[in-house]
Every structure is written in structure tokens, then in C-alpha cells.
Amino acid sequence: MDKKTEFINLAQDVSNCHICERLRTLPHLQKGEWLENDDHGLNTDSPYVNRWNIWQGNLDADIMLIGQDYGQKEESAALDFFNFADTTNPTDKRLKELFNASFGWDIDTDDAPLFFTNMANCYRKHRASGGMHSAWLPICANKFMERLIRIIQPKIIIVLGRVTFEALHCMEGLSVKCIDPLESGSPVFSETIQHRYQIDLNGTAIEVFPVFHPGANSQMNRTFDEQVADWKRIAEYYDKVK
């Protein structure tokens with residue numbers, strides 16, 4: 001089966017899943033947050049597992065970037081006109097800056113070998129961020145992420161943020177292995193990102209790089225220069241394996 005067909009089948013299965021619509025945050029409040037699904041573009045020429053794929057969706061990508069969740073769902077009527085690289089979105093804006101500073105890529109205009117996705121494939125009902133249910137990401141990781149990684153077969157996976165990296169370990173069928181183990185205990189995430197991680201995909205190693213999430217509050221934990229240094233380490237590895 002070719003990649004496109006496998007990807008469409010995955011999009012169909014994601015579209016049919018409604019588990020997280022029953023997993024509401026703050027259930028004692030009338031407007032507890034939950035995730036809503038959509039048709040994942042299955043009636044168009046550009047189906048998607050989640051809408052971040054529309055911005056960067058190369059099925060033969062060398063680099064797969066996994067974020068947390070997409071945020072609120074815009075109206076479907078406006079989907080074709082929505083700018084997925086809107087510079088008013090803090091995460092998108094910072095990702096552009098990081099790829100430019102570390103890889104030398106303008107990811108809006110260069111033919112970069114990238115596939116962007118989120119761990120949670122559905123969309124927030126009320127808020128653009130915050131108030132996440134702890135089960136959303138592990139459920140999607142377990143049900144769908146292994147299949148997506150097997151379709152893309154990237155050389156590198158970049159994982160945005162601690163909770164996304166933790167959820168990646170919930171995949172059924174693929175394991176994330178630390179190849180220079182941390183000391184015992186619970187290290188802070190700034191230590192975690194200094195170590196090396198790999199996924200064994202049928203005998204081929206995929207290097208996994210956890211990094212701080214580059215969202216609106218990212219510089220509370222790590223300055224922009226420190227983030228650039230983290231990403232340059234990824235770029236240096238990519239230069240060796242591309």
C-alpha cells in the first residue's frame with residue numbers, strides 16, 4: 001500500500017474517533033474544555049490527520065515535528081483561506097524563526113522536507129490553549145502516532161514540550177529509548193533535552209529530539225538564544241544524516 005493511501009486510511013480512522021469529546025476538563029463546570037473532531041478533509045483532495053499537516057505535510061519528510069494540540073477549530077468554510085503560518089500565532093512565528101536561525105530555512109517558501117503534526121488530532125471547543133486534559137495526548141499517541149511515524153519514516157522527530165514527549169512514550173508498538181540514560185530521579189526538562197533518544201523502526205534508527213515548546217510563554221523557561229542552540233544541535237545532526 002502506498003503512503004498516500006495509508007495516510008488517507010489513518011485520517012479516516014482519526015475522523016471516526018470521538019473518545020476525547022467525553023473527556024472534559026473541569027467536569028463540574030458547564031463549559032469544561034473538550035476536543036471536537038471534524039471530517040479531516042476526506043471529501044477534498046487534501047485529507048489530513050490534523051490541520052497542521054496542511055502547513056507542512058510532506059509524506060516523505062526527513063523531519064517530523066510533533067506539537068501538543070492545534071487549538072481552536074476555525075469554521076470549515078474558512079479552512080481553504082486560513083493561513084496556517086499566520087505570524088500572529090506565537091508558536092508558528094517562533095517555529096519560523098527557529099528553523100531560519102538553525103537550519104537556514106524559510107519554511108514558508110523553501111521546499112523544506114518537513115511534516116508538522118500534533119499529538120492530539122482534534123480541536124479545542126472553547127480556548128486556544130491551556131486547560132488540557134491529561135488523557136488527550138496519551139490516547140492519540142496510543143491509537144494513531146505509531147501508524148503516522150511508520151507512514152512518514154522520518155530521519156528525525158522533533159517533539160515540542162515535556163507533556164508531548166511524555167505522551168510519545170505511550171505509543172503501542174514503538175518505543176522511545178534513551179541511549180545515554182539519565183541519572184535516577186526526576187530531572188527537569190532542561191536536563192532531559194540534553195540526552196539522546198531513538199526509535200527503532202524496523203532496524204532503522206529515528207533520532208528523537210525533545211525541545212521546549214516555542215509558544216507564547218516559551219522564554220519563561222528558556223531564552224530564544226538557548227532555544228536556537230538547542231535547534232542548532234538538531235541541524236548539525238541532520239547535516240550528517242540527510
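Some values worked out for this structure:
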{"item": "Only one of Asn37, Asn53, Asn58 that is closer than 16 Å to Ala135 by Cβ and open to solvent by less than 60 Å² (accessible area, probe 1.4 Å)", "result": "Asn37"}
{"item": "Any chance His28 is out of contact with any helix residue (DSSP H, G or I) (no Cβ under 9 Å at 6 or more places or on another chain), modelled with pLDDT under 85 and open to solvent by 70 Å² or more (accessible area, probe 1.4 Å)", "result": "yes"}
{"item": "Residue list for region 125-170, filter: at pLDDT below 90 and surrounded by fewer than 22 Cβ atoms within 10 Å (Cβ to Cβ)", "result": "Lys125, His126, Arg127, Ala128, Ser129, Gly130, Gly131, Met132, His133, Ser134, Ala135"}
{"item": "Close pairs from region 51-70: first farther than 24 Å from Glu166 by Cα and of a type outside the set (Gly, Ala, Ser), partner modelled with pLDDT of 90 or more and assigned to a loop (DSSP other than H, G, I, E, B), Cβ under 6 Å, at least 6 apart", "result": "Ile54/Tyr48; Asn58/Pro113"}
{"item": "Checking Asp180 against (1) modelled with pLDDT under 90; (2) at positive phi, the condition it does not meet", "result": "(2)"}
{"item": "Which numbered condition Ala120 misses (of (1) part of a helix (DSSP H, G or I); (2) within 18 Å of Cys17 (Cβ to Cβ); (3) of a type in the set (Gly, Ala, Ser); (4) touching a residue at least 40 places away in the same chain (Cβ under 8 Å))", "result": "(1)"}
{"item": "Considering residues of region 98-113 that are within 17 Å of the chain's Cα centre (by Cα) and either among the acidic types (Asp, Glu) or outside any helix (DSSP H, G or I) (or both) only, the residue nearest to Trp55 (Cα to Cα)", "result": "Ile107"}
{"item": "Residues being open to solvent by 40 Å² or more (accessible area, probe 1.4 Å) and among the hydroxyl-bearing types (Ser, Thr, Tyr) - total across region 86-115", "result": "3"}
{"item": "Inter-residue pairs, beta-carbon under 8 Å, first touching a residue at least 24 places away in the same chain (Cβ under 8 Å) and in region 192-210, second basic (Lys, Arg) and not in a loop (DSSP other than H, G, I, E, B), 6+ apart", "result": "Thr192/Arg162; Ile199/Lys177; Asp200/Lys177; Leu201/Arg150; Phe209/Arg233; Pro210/Arg162"}
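The values are calculated or read from the model by the stated rules, or taken from the named source; none is laboratory data. Model, not experiment: these values are computed from the prediction. Here the Cβ is made from the backbone with ideal geometry for all residues, glycine too, and neighbour counts use every protein chain on show. With ligands, DNA and RNA removed, areas are computed over all heavy atoms of the protein, side chains included. Shrake-Rupley method; radii C 1.70, N 1.55, O 1.52, S 1.80 Å.
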